[in-house]
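The values are calculated or read from the model by the stated rules, or taken from the named source; none is laboratory data. Keep in mind that this is a model prediction, so the values were computed, not measured. Every residue, glycine among them, receives a Cβ derived from its backbone with ideal geometry; neighbour counts consider all protein chains shown. Keep in mind that these areas ignore ligands, DNA and RNA; they rest on the heavy atoms of the full protein, side chains included. Shrake-Rupley method; radii C 1.70, N 1.55, O 1.52, S 1.80 Å.
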Amino acid sequence: MQFRCAIAAALFVVLADLPQAHATAEHTYAKGEYGIISGGWAPNKRLAIAVHGEGDGAHDKFHAYLMAEPGHRRLMTLDNVNDDNILDTAPDAFHAAWSADSRYVAVTFRSERHIVTLNLYAVDDRRARLVDAPDLFRDATGRSIDRKTDGDMRTSVPALTWQAQRRFHLTDYRVFVLDDTAFADKLGPLGKATAMKDGRTTIQFSAEADGELLPDGRIRMGKPRAGQFEELE
């Protein structure tokens, strides 16, 4: 039950509560309105992450911003959050997880209905720089997902939680639909295959690991271990 709740929280929007026609969380912003996202306030209360877009539903010129607080002044646009890779536009559909010293922030959001993107930024001198976020699938398999050759990835939910000032815990849960179980065999204890009625196979990847941000900006990850799996029909 806890694992199911974690996945639902990482998807940010309770789909059953959304209008059936949309399945998205939208917000139309007034001119000059920058909505602070869930968890967007930095621990030092001098910075925040906010979002803004134009037009009905805010899908035009949508971006996330690093804001100076309490004046709510826009400092810069965050890389890799824009109208090309977001599904939702409401502030509470985005989530920020700040390190205790306000020097790093992980921003997560849906890029597809069940696909969550995780961006990690280093914050220094009121600038936010996108850094290479940890990827447990890449660590476990030696490669990143190629949506064109890795079958039908139905779900991807990474989640980062801070344990100490520079230490964090990362979980990564993915679901694929493939023709056979060969992929699950390669994943070993990190994979689980479930036969579907149409002859295809649902393959879950579930991993977790602890990580540490080093003084030189690199990330040191522990060895991925098996996470929890859903009981799929």
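At-a-glance table
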{"read-out": "Å² of accessible area per residue within the range 18-106, as computed with a 1.4 Å probe and no ligands counted", "value": "47 Å²"}
{"read-out": "Inter-label distance, nm, simple model (7 Å from Cα along the C-beta direction), residue 76/residue 167", "value": "3.0 nm"}
{"read-out": "Length added when fully stretched, residue 83-residue 232, from 0.36 nm per residue minus Cα-Cα", "value": "50.4 nm"}
{"read-out": "Tensor-based shape of the chain (alpha-carbon gyration tensor, a/c under 1.5 rounded, otherwise prolate or oblate)", "value": "oblate"}
{"read-out": "Accessible surface, the range 121-195, averaged per residue in Å² (probe 1.4 Å)", "value": "54 Å²"}
{"read-out": "Within the chain, helix-based [θ] at 222 nm, where runs of 4 or more DSSP H residues each add -39,500 (n - 2.57), nearest 500", "value": "-2500 deg cm²/dmol"}
{"read-out": "Local electrostatic count at residue 75 - Lys and Arg +1, Asp and Glu -1, tallied over other residues with Cβ under 11 Å", "value": "+3"}
{"read-out": "Share of carbon and sulfur in the accessible heavy-atom surface of the chain [1.4 Å probe, %]", "value": "47 percent"}
{"read-out": "Under 13 Å, Cβ to Cβ, from residue 38 - net charge with Lys/Arg +1 and Asp/Glu -1", "value": "-1"}
{"read-out": "Lysine pairs within the chain, Cα separation less than 25 Å, 8 or more sequence positions apart or different chains", "value": "8"}
